[in-house]
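The values are calculated or read from the model by the stated rules, or taken from the named source; none is laboratory data. Note that the structure is predicted; figures quoted are calculated from it, not measured. Every residue, glycine among them, receives a Cβ derived from its backbone with ideal geometry; neighbour counts consider all protein chains shown. All accessible areas refer to the heavy atoms of the entire protein, side chains included, with ligands and DNA or RNA removed. Shrake-Rupley method; radii C 1.70, N 1.55, O 1.52, S 1.80 Å.
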There are 2 protein chains.
Amino acid sequence: MNLDGIKFDVNGLVPAVIQDEKTGAVLMLAYMNRESLAKTVETGVTWFYSRSRNRLWQKGETSGHVQTVRNIYYDCDADSLLVKVEQTGAACHEGTFSCFSRKLGETKSEAAKLFDPEKVYGGS
Amino acid sequence: MNLDGIKFDVNGLVPAVIQDEKTGAVLMLAYMNRESLAKTVETGVTWFYSRSRNRLWQKGETSGHVQTVRNIYYDCDADSLLVKVEQTGAACHEGTFSCFSRKLGETKSEAAKLFDPEKVYGGS
């Protein structure tokens, strides 16, 4: 697939909004570089670029909570992506379906935990 | 409202995903600095920071297509926002409801135009 139209930023990244196709829930925002976007298209599951670890990662590689890609859109400026997925399990490493579980100004998550992070990612 | 928990990047910005509360459609992704986020909270309509024009802008200031804020969420890393809004008219300057109207690899928008951009923003 031709990815030439996508405008990656000075760091070679583009923000990708991940939305659960069935429920419409916005699950997370992560960054893709050209390689992870190509890999996402090629494999049909989401791959991102980790800015803290400086490497590609596949969503669900540890937890098994993979995101199966249904459609990928880009915006009118071609500098952000919307990836519609089928979410296996839950998107957030905290165990909630979406990473957006806290209202601005509040610190407590208002969403139910669908799994126990300690069990999935191991204890500290 | 206390915004201290939000992690703005090195440029003082945080990406904000704007979602239409009623339909669940992801409308756009734009950037907020602390001032525009505070103004959004204060006024109840979305304000962003334009990286190209280096100034705050209110969504709909030209078109009248304002976004009334229903709820603001932040993610588990506190470095991105999800703003649920009621969209007046259409979000995209191209006239479509969402800015994400093109599939990756395609150039033609697949969404209906809800207004004529020339009439709203003036001719070239």
**Report entry** Protein accessible surface hidden between B and A, which excludes ligands and nucleic acids, total in Å², probe 1.4 Å
**Finding:** 3000 Å²
Requested in this report: Would you kindly derive the ³J(HN,Hα) couplings of the range B:83-99 from the backbone phi angles with the Karplus curve 6.51 cos²θ - 1.76 cosθ + 1.60 (θ = phi - 60°), listing them in order in whole Hz, with x for Gly and Pro?
Outcome: 10, 8, 10, 9, 8, 7, x, 9, 7, 8, 5, 8, x, 8, 4, 10, 6
Query - Cα centre as origin, Lys/Arg/Asp/Glu Cβ charges: the protein assembly as shown dipole, Debye - result: 80 debye
Report task. Specify, for chain B, the residue whose C-beta is closest to the rotation axis mapping it onto chain A, with the distance given in whole Å. Result -> B:G24, 1
Query raised in the report: Label points 7 Å out from Cα along the Cβ direction at A:K119 and A:T43: separation in nm?
Result: 2.6 nm
Query raised in the report: Amide H to amide H, which residues 5 or more places from B:R70 or on other chains are under 5 Å from it, using H placed in the peptide plane?
Result: B:K84, B:V85, B:E86
Query raised in the report: In whole Hz, what ³J(HN,Hα) sequence does the range B:31-40 give by Karplus (6.51, -1.76, 1.60; θ = phi - 60°), x for Gly and Pro?
Result: 10, 10, 9, 4, 5, 6, 5, 4, 5, 5
**Report entry** Expected 222 nm ellipticity per residue - DSSP helices of 4 or more, -39500 (n - 2.57), all of the protein assembly as shown, to 500
**Finding:** -3000 deg cm²/dmol
Query raised in the report: Dipole size in debye (nearest 20) for chain B around its Cα centre, Lys and Arg Cβ +1, Asp and Glu Cβ -1?
Result: 240 debye
Query raised in the report: A:R51 versus B:T23, label points 7 Å from Cα toward the beta carbon: distance in nm?
Result: 3.0 nm
Query raised in the report: If you plug each phi of the range A:46-62 into the Karplus form 6.51 cos²θ - 1.76 cosθ + 1.60 with θ = phi - 60°, what whole-Hz ³J(HN,Hα) values come out, in order, with x for Gly and Pro?
Result: 7, 10, 10, 10, 8, 6, 7, 9, 6, 7, 6, 9, 9, 4, x, 4, 9
Report task. Using amide H atoms built 1.01 Å from N in the peptide plane, name the residues 5+ places from B:D75, or on other chains, whose amide H lies under 5 Å from its own. Result -> B:S80
Query - Efficiency of FRET between B:K108 and A:D77 - r from beta-carbon atoms, R0 22 angstrom, step 0.05 - result: 0.85
